[in-house]
1. Considering only the stretch 127-166, how many residues are out of contact with any helix residue (DSSP H, G or I) (no Cβ under 8 Å at 6 or more places or on another chain), more than 24 Å from residue 216 (Cβ to Cβ) and surrounded by fewer than 21 Cβ atoms within 10 Å (Cβ to Cβ)?
2. Can you name every residue in the stretch 240-256 that is part of a loop (DSSP other than H, G, I, E, B), farther than 12 Å from residue 350 by Cα and within 11 Å of the chain's Cα centre (by Cα)?
3. Restrict the check to the stretch 308-315 and report whether at least one residue is within 24 Å of the chain's Cα centre (by Cα) and within 25 Å of residue 130 (Cα to Cα).
4. In the stretch 257-266, what residues are in a loop (DSSP other than H, G, I, E, B) and over 21 Å from residue 134 (Cβ atoms)?
5. Go through (1) surrounded by fewer than 16 Cβ atoms within 10 Å (Cβ to Cβ); (2) at pLDDT 95 or above one by one and return the number of the condition residue 5 breaks.
6. Does any residue of the stretch 21-35 turn out to be under 22 Å from residue 265 (Cα atoms), part of a helix (DSSP H, G or I) and touching a strand residue (DSSP E or B) at 6+ places or on another chain (Cβ under 6 Å)?
7. Which of the residues belonging to the stretch 218-242 are touching a strand residue (DSSP E or B) at 6+ places or on another chain (Cβ under 7 Å) and within 30 Å of residue 45 (Cα to Cα)?
8. Criterion first (more than 24 Å from the chain's Cα centre (by Cα) and not in a loop (DSSP other than H, G, I, E, B)) does residue 85 satisfy it?
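The values are calculated or read from the model by the stated rules, or taken from the named source; none is laboratory data. These numbers come from a predicted model, not from an experiment. Cβ coordinates were reconstructed from backbone atoms using ideal geometry, including for glycine residues, and neighbour counts include every protein chain displayed.
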């Protein structure tokens with residue numbers, strides 16, 4: 001998804017508000033939901049913080065940074081003409097009883113909700129991510145770079161991409177069979193120039209060895225994509241959970257990420273599971289690995305930790321035992337290990353929450369790698 005897709009616009013606003021809270025008050029409790037449609041932005045959710053925020057300014061700055069600056073970029077949804085409705089209230093004190101440190105069972109910080117979270121890693125790409133989703137992210141980043149460089153005047157912020165990859169008998173990517181790329185454009189752009197630019201972006205983003213004359217390229221399949229963004233479609237926080245994670249590879253617990261502080265295990269535990277799965281694959285114990293954890297609200301210790309992989313010399317139970325000896329899944333320990341009280345979450349909003357080298361849960365810890373292998 002491009003950063004101008006309506007759902008990603010909503011995610012970006014929610015994460016910008018979260019980061020603004022954490023920048024002033026690292027102990028902020030944030031659950032911020034955003035709806036965008038037409039020229040309307042509606043904020044809702046629960047926030048308890050000492051931070052003093054100008055919500056409307058944050059919204060306008062975020063929309064401007066995406067590329068919806070003036071009526072020239074979008075006649076309906078732009079940073080100058082949008083209207084902001086704020087329906088945010090404080091977090092329920094009942095939830096705070098089990099989530100805040102020194103209030104939960106055993107005086108430990110408990111999970112902010114019940115549920116299951118998953119993390120995945122594989123050796124298909126240098127980022128240890130599934131190839132199809134990483135290839136799609138590369139194309140979208142390249143297209144955004146072209147748009148924001150102003151080198152192509154007719155590009156607009158809304159866009160999305162899908163890459164279909166074929167695998168050989170050993171489970172290794174062997175061919176890209178199809179690429180779908182849709183990008184918003186100004187009314188004066190011609191079909192020919194849109195296709196020419198998009199094909200250049202696609203081919204420069206993909207491994208040449210996986211592209212062949214049989215590869216199909218579908219550029220703006222409907223033929224026209226002038227009206228886009230929140231003008232064309234309603235956007236909501238948390239609707240792109242598969243594009244945000246592994247592109248349909250591996251399972252998903254259903255919880256969204258954006259707009260939530262790290263006390264919400266929907267977000268923090270999913271990051272932790274990815275960190276653990278990446279260590280298992282990077283250590284050479286497996287070529288692909290899925291880690292699952294589940295919680296009860298208000299409890300610090302997870303209800304279960306499960307590891308599924310193709311490791312041929314350790315059972316799933318033995319691998320899970322090693323994981324639990326090496327990593328702590330208590331919410332407070334996850335937050336400390338990954339530095340999740342810092343205002344880093346706007347960097348996650350677009351082009352996946354995983355596979356970006358500068359994010360804490362993507363960085364490998366050599367001591368933990370050694371312990372897993374020992």
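1. So the count comes out to 6.
2. If the condition is that a residue be part of a loop (DSSP other than H, G, I, E, B), farther than 12 Å from residue 350 by Cα and within 11 Å of the chain's Cα centre (by Cα), then 246, 247, 256 are the ones that fit.
3. Among the residues of the stretch 308-315, at least one is within 24 Å of the chain's Cα centre (by Cα) and within 25 Å of residue 130 (Cα to Cα), which makes the answer yes.
4. Passing the criteria: 259, 261, 262, 263, 264.
5. (1)
6. yes
7. Scanning the stretch 218-242 gives 228, 229, 230, 234, 235, 236, 237.
8. Yes; evaluated as a whole, the condition is true for this residue.
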